[in-house]
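Worksheet: the structure to be examined is printed underneath.
Read-outs: derived from the displayed coordinates by stated rules, not from any lab. These numbers come from a predicted model, not from an experiment. Quick reminder, even Gly has a Cβ in these numbers, built from the backbone with ideal geometry, and neighbours come from all protein chains shown.
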Amino acid sequence: MALEEYRKKRDFFKTKEPEGKDRGKASSIFVVQKHKARTLHYDFRLEIGGVLKSWAVPKGVSTDPSVKRLAVETEDHPLEYADFEGKIPEGEYGAGTVEIWDKGTYRPIKEKPIQQSYDDGLMEFMLHGKKLEAGYALIRTQKKQWLLKRLKEV
Ligand code: MN
């Protein structure tokens, strides 16, 4: 918590100043898994509160800030699921193949706890993956229905 004041004054999405490394648990997992089930979709998952909050994104994650993608919230998955790749057997839930499309860490853009942003239905975060290295937002539009979009760079 030593750098709390320093960080509180800065928006690291806008400034290139360093955030400092000692954020402890602040860098959490994100993963996007390409899931060839009955219908192809991408499962977008963020580590929140010790689980992977999960969304099925039929069209996948867009890197174009003008494109909003439907993201349907699904059940929480265990953190270990972020490493899962392989075949889900015929007849099982989600039968088909799962491959990791991108994986890395994310960081909330605002100082507000991500759990609170989740509860409010508006999350903004930086993804640090291999393919995705940008700010994104998830916006709840109704119940389980969210929109996933890339944030414009400032
Ligand atoms: Mn899936």
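For residue 140, what charge total do you get from the other residues with a beta carbon under 12 Å from its beta carbon, if Lys and Arg give +1 and Asp and Glu give -1?
On the way: positive: 53, 143, 144; negative: 73, 119, 120.
Summing Lys/Arg as +1 and Asp/Glu as -1 gives 0.
Quick one: which residues, 5+ away or cross-chain, put their amide H under 5 Å from the amide H of residue 71? H built at 1.01 Å from N.
So residue 71 has HN proximity to 146, 147, 148.
Measuring from label point to label point, each 7 Å out along Cα→Cβ, what is the residue 12 to residue 27 span in nm?
It is 0.9 nm.
With 26 Å as the limit, write out which pairs from 34/143; 8/144; 14/68 have Cα-Cα distances beyond it, or answer none.
Long pairs (Cα-Cα over 26 Å): 8/144.
Compute the distance in nm between two label points, each set 7 Å from the Cα along the Cα-to-Cβ direction, one at residue 90 and one at residue 110.
Here the modelled spin labels are 4.9 nm apart.
Which whole-Hz ³J(HN,Hα) couplings does the stretch 82-91 yield from phi under the Karplus relation 6.51 cos²θ - 1.76 cosθ + 1.60, θ = phi - 60°, glycine and proline marked x?
Taking θ as phi minus 60°, the curve returns 4, 9, 6, 9, x, 9, 9, x, 3, x Hz for the stretch 82-91.
Report ³J(HN,Hα) in whole Hz for each residue of the stretch 127-138, in order, from the Karplus equation J = 6.51 cos²θ - 1.76 cosθ + 1.60 where θ = phi - 60°; Gly and Pro get x.
Couplings: 9, 10, x, 8, 8, 9, 9, 6, x, 9, 10, 10 Hz.
Please go through the stretch 52-116 and write out the trypsin sites (Lys or Arg not before Pro) that DSSP classes as loop and that have at most 16 other C-beta atoms within 10 Å.
Listed in order of number, the matching sites are 59, 110.
Please go through the stretch 67-154 and write out the chymotrypsin sites (Phe, Trp or Tyr not before Pro) that DSSP classes as loop and that have at most 13 other C-beta atoms within 10 Å.
Within the stretch 67-154, the qualifying chymotrypsin sites (Phe, Trp or Tyr not before Pro) (loop, at most 13 other Cβ atoms within 10 Å) are 93.
Report the extension gain between residue 36 and residue 143 in nm, rounded to one decimal, defined as 0.36 nm multiplied by the number of residues separating them, less their alpha carbon distance. Let's see the in-between values first.
Details: separation 107, 0.36 × 107 = 38.52 nm, distance 2.53 nm.
That pair, residue 36 and residue 143, stretches by 36.0 nm at full extension.
In whole Hz, with x marking every Gly and Pro, tabulate ³J(HN,Hα) for the stretch 37-44 from phi via Karplus 6.51 cos²θ - 1.76 cosθ + 1.60, θ = phi - 60°.
With the stated coefficients, the stretch 37-44 comes to 9, 3, 10, 5, 8, 10, 9, 9 Hz.
Could you compute the net charge surrounding residue 95? Neighbours are other residues with a C-beta less than 12 Å from the C-beta of residue 95; K and R count +1, D and E count -1.
Values: positive: 36, 38, 87; negative: 90, 92.
Cβ neighbours under 12 Å give a net charge of +1.
Report the per residue volume, in Å³, of the convex hull enclosing the C-alpha atoms of the stretch 9-128.
Taking only Cα atoms, the stretch 9-128 has a hull volume of 119 Å³ per residue.
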